[in-house]
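The values are calculated or read from the model by the stated rules, or taken from the named source; none is laboratory data. Quick caveat: nothing in here was measured; it's all calculated off a predicted structure. Counting neighbours? That spans all protein chains shown, and the Cβs are built from the backbone with ideal geometry, glycine included. Please note that ligands, DNA and RNA were not included when accessible areas were found on the heavy atoms of the full protein model with its side chains. Shrake-Rupley method; radii C 1.70, N 1.55, O 1.52, S 1.80 Å.
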Amino acid sequence: MSSLNRMLAVLDLFSGDKRAWTAEDMAEKLDYTLATVYRYVRELSEAGLLRGDSGATFVLGPRIIELDYQLRVGDPLIGAARAPMGKLAAATGCDVVLATEYAGHIVTIHHEIGSEPISASYSRGRRMPLFRGATSLGLVSALPRQRLRKLHEAEEDTAPDWDELLERIKKIRRDGYAVTVGELDPDLVGIAIPLVSSEHRVVASLGFIMSTARYSLTDVGQSVSMLKNCLGEVLARLGARAVDA
């Protein structure tokens, strides 16, 4: 692992479960020397990515907010998706989410809130399980088998059995969409389709989040068709075209 990756691993420690870390806790968690942690913390603090807080702890710094703003206004995919997703959320009452993958992680990058009063655990910015939930499964179904295998090996301790996962992925590919009931939140359902654009090197997923009560009254085929229409509008705004996974 390069020095840069080792330093960035410090930022990966910060999550909804633990928002403040001491240097000693970082060193123990990452198995770094304390001197190394202090050096990384100093450099990250100077860059505005960390800041010191009470009790000799460190928290994420204000530059994170600045980078988030630049992402929201500057990312072409988010820019192309914002209006079509907003229109779809307003028309259906469902939350509409867009997720993408980086370095073996899946994260929602845009989330339009529908009129239905639900609260999804994995909203914008929170890292998602790789192999649970329609949003993640829709995305990984579009990945080449070699890439899928690599992700599975990296998550071997928590990942489902490889053959079972492969059968599930094959079904999603045949159907063209993923549906999961209660996999991430007990009373919520996800319906998602993959988004692949070779021109923009994008592999993502676009999906609905809804209550189980709403799902019981939902025509899945119609929902998938609406997602596909939304996806077509997103890709048209990107000046791109969809490709087969």
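Give me the residue from region 158-183 that is without any contact (Cβ under 8 Å) to a residue 12 or more places away in the chain and acidic (Asp, Glu) and, out of that set, most open to solvent (accessible area, probe 1.4 Å). My answer is Glu164.
Against the test of being out of contact with any Cys (no Cβ under 6 Å at 6 or more places or on another chain), over 30 Å from Gly207 (Cα atoms), surrounded by 12 or more Cβ atoms within 10 Å (Cβ to Cβ) and of a type in the set (Asp, Glu), the options Asp25, Asp95 yield a single qualifying residue, Asp25. Evaluation of Leu195 against the conditions (1) under 18 Å from His105 (Cβ atoms); (2) open to solvent by 70 Å² or more (accessible area, probe 1.4 Å) shows that the sole unmet condition is (2).
Examine region 30-53 for a residue that is surrounded by 14 or more Cβ atoms within 10 Å (Cβ to Cβ), out of contact with any helix residue (DSSP H, G or I) (no Cβ under 8 Å at 6 or more places or on another chain) and among the polar types (S, T, N, Q), and state whether such a residue exists. Yes: one or more hits.
Here the strands (runs of 3 or more DSSP E) wholly within region 56-118 that include at least 2 residues being touching a Lys or Arg at 6+ places or on another chain (Cβ under 6 Å) are 105-112. Does Ala103 satisfy the condition of being modelled with pLDDT of 95 or more and aliphatic (A, V, I, L, M)? So Ala103 fails the test. Pairing residues of region 5-33 that are of a type in the set (Asp, Glu) with residues that are loosely packed, with under 15 Cβ neighbours inside 10 Å, at Cβ distances under 8 Å and at least 6 apart in sequence or on separate chains, gives Glu24/Leu34. Output the residues belonging to region 123-139 that are within 8 Å of the chain's Cα centre (by Cα) and open to solvent by 20 Å² or more (accessible area, probe 1.4 Å). Correct list: Arg124, Gly125, Arg126, Arg127. Within region 156-175, does at least one residue satisfy the condition of being within 17 Å of Met226 (Cα to Cα) and of a type in the set (Gly, Ala, Ser)? Checked region 156-175: no residue is within 17 Å of Met226 (Cα to Cα) and of a type in the set (Gly, Ala, Ser). I'd like the full set of residues that are of a type in the set (Gly, Ala, Ser) and at negative phi, limited to region 119-177. Result: Ser119, Ala120, Ser121, Ser123, Ala134, Ser136, Gly138, Ser141, Ala142, Ala154, Ala159.
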